[in-house]
Amino acid sequence: MKNWSSELKIRLILSVMRLFGRLPLGFHYFWGSLVAWVMKDVMQYRLDVVLTNIARSFPEMDYRTVKKTAAAFYRHLGEVFAEAVWFSGSDYGRIHESEICRYTNLEVLCRAYENSPSVTVLYSHCGNWELLGGLWCYNYDPGVRYPGDENCVKVVYKKLRNDVWDEVFKRNRSHPIRIEGGFDGEIESGQILRYAIRNRDRKLIYIYPTDQYPYATPHDAGIFLNQETRVMLGSAGLAHKLGMSVLYLRMVPVSKGHYELTFVPICENASDMEPEAIMRKYLDLLEADIRETPYNWLWSHKRWKR
């Protein structure tokens with residue numbers, strides 16, 4: 001139970017964000033570019049981490065290209081912040097009309113949902129992960145309907161250290177979802193195993209961020225982006241145990257203010273594939289996307305701490 005002081009801070013922050021967010025997206029891109037400049041050139045926010053990660057991931061790049069890639073990353077990060085604030089001031093209709101995100105093959109998710117007890121979707125910090133709360137807004141094919149309903153989607157997240165900002169981001173991501181009483185589908189990563197086992201008879205869609213540094217019992221996954229990499233096997237292990245379909249969610253920028261979302265099948269029945277193999281295929285798909293658009297990943301993550 002949050003105390004009244006924390007709740008007041010949360011509501012105040014969200015109120016300011018949503019009021020500010022009603023301004024046009026172009027205005028937000030303007031201040032987002034300023035934020036990017038401040039982070040990179042004034043504060044030098046994790047600049048050493050960004051440069052090191054890019055240089056080690058792409059040893060074929062010369063230093064000039066590494067610096068250009070880092071600069072493009074910070075510009076993209078500024079756009080991520082700008083779009084997140086714009087999103088906070090937008091309702092379902094405004095988000096849909098903007099076409100900020102568009103599915104290329106929603107039927108793949110529909111087919112997996114239809115033919116599986118549940119679906120596991122693995123995604124990364126590519127594109128703008130803060131826009132994933134608008135999943136129901138991004139379908140423009142009248143012949144395809146998003147599978148199930150808002151209550152069947154469960155988003156797994158890692159809790160932030162600051163309780164106030166953790167709650168702000170949770171509420172902001174889910175605010176356009178049209179459920180009476182709000183969206184209750186965000187599940188903290190430490191609770192997901194118990195939740196999935198308890199709800200194994202329900203047909204659900206579990207969405208996991210899977211490119212963060214593993215914080216417990218990691219598995220050596222081999223080489224990813226030219227570096228020995230460890231991963232968590234929890235999402236793949238749970239899918240394997242319960243026989244779920246597993247998909248990879250690709251999110252790529254096609255122009256400023258527009259992303260494409262594509263579902264890539266990894267396996268139809270995870271019981272037939274070892275968790276290690278599932279995560280290896282996911283890493284291969286993610287690496288191919290990062291190599292295609294190098295700036296489009298969260299390089300400021302301390303992904304390889306050791």
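Per the listing 76, 125, 96, the residue uniquely in contact (Cβ under 8 Å) with a residue 12 or more places away in the chain, under 21 Å from residue 235 (Cα atoms) and of a type outside the set (Gly, Ala, Ser) is 125.
Scanning the range 145-162 for residues being over 24 Å from residue 214 (Cα atoms) and free of Cβ contacts under 8 Å to residues at least 40 places away in the same chain gives a total of 4.
What residue, of 201, 220, is at pLDDT below 95, exposed (fewer than 15 other Cβ atoms within 10 Å of the Cβ), assigned to a strand (DSSP E or B) and of a type in the set (D, E, K, R)?
220
Looking only at residues of the range 230-249 that are at pLDDT below 95 and part of a strand (DSSP E or B), we find that the one that is nearest to residue 125 (Cα to Cα) is 231. Any idea which of (1) under 14 Å from residue 259 (Cα atoms); (2) part of a loop (DSSP other than H, G, I, E, B) is the one residue 102 doesn't satisfy? It fails just one condition, (2).
Residues that are over 19 Å from residue 91 (Cβ atoms), modelled with pLDDT of 85 or more and among the hydrophobic types (A, V, I, L, M, F, W, C) within the range 143-164 comprise 144, 152, 155, 156, 164, listed in sequence order. Cβ-Cβ distances below 6 Å connect the following pairs, each with a first residue in the range 165-187 that is under 14 Å from residue 92 (Cα atoms), a second residue that is at pLDDT 75 or above and of a type in the set (Gly, Ala, Ser), and a separation of six or more residues or different chains: 172/88; 173/133; 174/133; 176/134.
Cβ-Cβ distances below 8 Å connect the following pairs, each with a first residue in the range 28-40 that is at pLDDT 95 or above, a second residue that is outside any helix (DSSP H, G or I) and aromatic (Phe, Trp, Tyr), and a separation of six or more residues or different chains: 39/45. Kindly indicate whether any position in the range 257-274 is assigned to a helix (DSSP H, G or I), in contact with a strand residue (DSSP E or B) (Cβ under 7 Å, 6 or more places away or on another chain), crowded, with 20+ Cβ neighbours inside 10 Å and among the hydrophobic types (A, V, I, L, M, F, W, C). So far as the range 257-274 goes, yes, one or more of its residues are assigned to a helix (DSSP H, G or I), in contact with a strand residue (DSSP E or B) (Cβ under 7 Å, 6 or more places away or on another chain), crowded, with 20+ Cβ neighbours inside 10 Å and among the hydrophobic types (A, V, I, L, M, F, W, C).
Give the residues of the range 45-59 that are surrounded by 12 or more Cβ atoms within 10 Å (Cβ to Cβ) and either within 20 Å of residue 85 (Cβ to Cβ) or free of Cβ contacts under 8 Å to residues at least 60 places away in the same chain (or both), sorted by residue number. Don't jump to the end; show me each part of the working.
First, pick out the residues of the range 45-59 that are surrounded by 12 or more Cβ atoms within 10 Å (Cβ to Cβ): 45-47, 49-58.
Of everything in the range 45-59, those that are surrounded by 12 or more Cβ atoms within 10 Å (Cβ to Cβ) and either within 20 Å of residue 85 (Cβ to Cβ) or free of Cβ contacts under 8 Å to residues at least 60 places away in the same chain (or both) turn out to be 45, 47, 51, 52, 55.
What number of residues in the range 118-158 are surrounded by fewer than 21 Cβ atoms within 10 Å (Cβ to Cβ) and either on the phi > 0 side of the Ramachandran plot or acidic (Asp, Glu) (or both)? Count: 5.
Would you pick out the residues in the range 1-25 that are over 22 Å from residue 170 (Cβ atoms) and within 23 Å of the chain's Cα centre (by Cα)?
Step one: list which residues in the range 1-25 are over 22 Å from residue 170 (Cβ atoms), which gives 23-25.
Once the filter is applied, which keeps residues that are over 22 Å from residue 170 (Cβ atoms) and within 23 Å of the chain's Cα centre (by Cα), the range 1-25 yields only 25.
Hey, among the residues in the range 233-256 that are without any contact (Cβ under 8 Å) to a residue 60 or more places away in the chain and closer than 24 Å to residue 131 by Cβ, which one's surrounded by the fewest Cβ atoms within 10 Å (Cβ to Cβ)? Among those that are without any contact (Cβ under 8 Å) to a residue 60 or more places away in the chain and closer than 24 Å to residue 131 by Cβ, it is 255. Quick check on residue 85: is it of a type outside the set (Gly, Ala, Ser) and within 30 Å of residue 136 (Cβ to Cβ)? Taking the combined requirement at face value, the residue satisfies it.
The values are calculated or read from the model by the stated rules, or taken from the named source; none is laboratory data. If you're wondering where the values come from, they're calculated on a predicted model, not measured in any experiment. With ideal geometry, Cβ positions are generated from the backbone for all residues, glycine too; neighbour counts draw on all protein chains shown.
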